[in-house]
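Notes to accompany the following structure.
The values are calculated or read from the model by the stated rules, or taken from the named source; none is laboratory data. These figures come from a predicted structure and were not determined experimentally. When we count neighbours, we look across all protein chains shown, and the Cβ atoms used for this are built from the backbone with ideal geometry, even at glycine.
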Amino acid sequence: MDTAKTAAFAGKFYPDNPEKLDELLENFFIQTVKDYDTDTRAIIVPHAGYMYSGKTAAAAFQYLNRNVKNIFVIAPAHRFDCNCIALSTYDYFETPIGKIKLNKDLINEISQYEATEFIDDAFAREHSIEVQIPFIQKLMPNAQIVPILYGQVSNKVITKIIEKYWENKDNAFIISSDLSHFYSQKDAEKIDAYTAEMIESLNIKDFNPLQACGAIGITGLVEFAKEKSYSLIRTELTTSGEVTGPANSVVGYGAWILTEKSKSMFIKEQFSQLVLSICKESILAGIKTGNSLDVAEKLYPQVFYETGACFVTITLNQMLRGCMGSIFAHKPLLNDLAQNAYKSAFSDTRFTALTEEEFSHIKIAVSLLSEPENIDFKDEADLMEQIVPYKDGIIIQDGNNRAVYLPSVWTQLPDKRLFMESLKQKAGLTPDHFSKTFRAYRFHTVYIDE
């Protein structure tokens, strides 16, 4: 006889009337801006009451591939203490919309993993999975679910599960988590911005469980993305204070989608014209007002609010007219684009300030930089051997002397030796300089031009 887990939070976290629930879900998707022309098979979404976080969840759910057949819902156990992965023996989970089937074959496979147990009691009053199910039923009514609750386990277990089942295009993954809990609105915004940067940079070395109740699930997905050179793209970052008004105790919510490419390539494919437009608008603002573009005047796609580093190059009659940029991502990409475009036009000391007459004839190119990676080497010969011409941008540093060449410089200096000698001279060093304190870093760029 089939068994079904009844809904425990209908009428509390979301409507218990099926028509009202469907209408609410429909309104979430109507109200949600769709920034990206893409789909995904992995998302991070919050799990609070719908009035607080439903719209944020919809911001990521709208990108979930509609053709998937199995959805792994990976969530923290809030009301059941365990040091394991909890699985369910139920045949169905039920919400006001109806029943959704569990994929028992996949669940039985996962039960063979170390630190997994069948514990139906863990699911009895757990909202972190239940609130995701109506979204799934709305968008993919024929999909089956694989509900996974975790207690105090290593995030590596989550990573392994995602790795094992990712290659099958029928599978998708929902990582259920809220962000900071019960800070003031101001503090929550700071903490959640820090958390978002860790997620988006795939740097979770110091991720603290207090940053997100689903920290294990989030970091498990981030580790997977890092191993595969994928990226997590933000769709929304907010707090319950946006609904209740700024308060001394709010909960943070964020939503992200996984893309199977670098963030820079994602931006190029989705927003090349917008990237160039921001730069041109900032230069024009500089000509007319003396200041860079005021990016606060309108809203941009969420990925532009993620930290990013870029170089902006201006050419006039195919000749360099200015080039300035950032080596390290330390501010929202939107700001970096606007400020570096302005600096390239008006602050490059090799040139006079760009004029209004010149503006209509310039060409803009933008290099989006990856995070610099330290190059370990025994000596200079070892360093030179590791450098890949035309692919690697190189940063060198010795004491206070530092310089950078973009990968595009290889077209002018294709010889490794001449490339390095020129870079040393740019840093204020002699062409033959080398020392025990000499450091080198590589980075890659995605190039966007007119």
Picked from the stretch 282-294 (must be under 16 Å from E358 (Cβ atoms) and surrounded by 15 or more Cβ atoms within 10 Å (Cβ to Cβ)), the residue nearest to the chain's Cα centre (by Cα) is S282
Selection from the stretch 1-13 of residues more than 19 Å from Y92 (Cα to Cα) and in contact (Cβ under 8 Å) with a residue 40 or more places away in the chain yields F13
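Yes/no matrix, rows are residues, columns are (1) under 14 Å from A341 (Cα atoms); (2) modelled with pLDDT under 95:
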| position | (1), (2) |
| --- | --- |
| Y253 | no, no |
| K280 | yes, no |
| I283 | yes, no |
| A296 | no, yes |
| T315 | yes, no |
| M319 | no, no |
| G322 | yes, no |
Among A427, A365, A353, A345, the single one that is among the aliphatic types (A, V, I, L, M), surrounded by 12 or more Cβ atoms within 10 Å (Cβ to Cβ) and in contact with a Gly (Cβ under 7 Å, 6 or more places away or on another chain) is A345
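Residue by residue, here is whether (1) out of contact with any strand residue (DSSP E or B) (no Cβ under 6 Å at 6 or more places or on another chain); (2) at pLDDT 95 or above; (3) on the phi > 0 side of the Ramachandran plot; (4) not acidic (D, E) holds:
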residue	(1), (2), (3), (4)
T32	yes, no, no, yes
P46	no, yes, no, yes
G49	yes, yes, no, yes
N67	yes, yes, no, yes
D81	yes, no, no, no
Being assigned by TED's automatic domain parsing to the domain that holds V243 and in contact with a Pro (Cβ under 8 Å, 6 or more places away or on another chain) narrows G214, G220 down to just G214
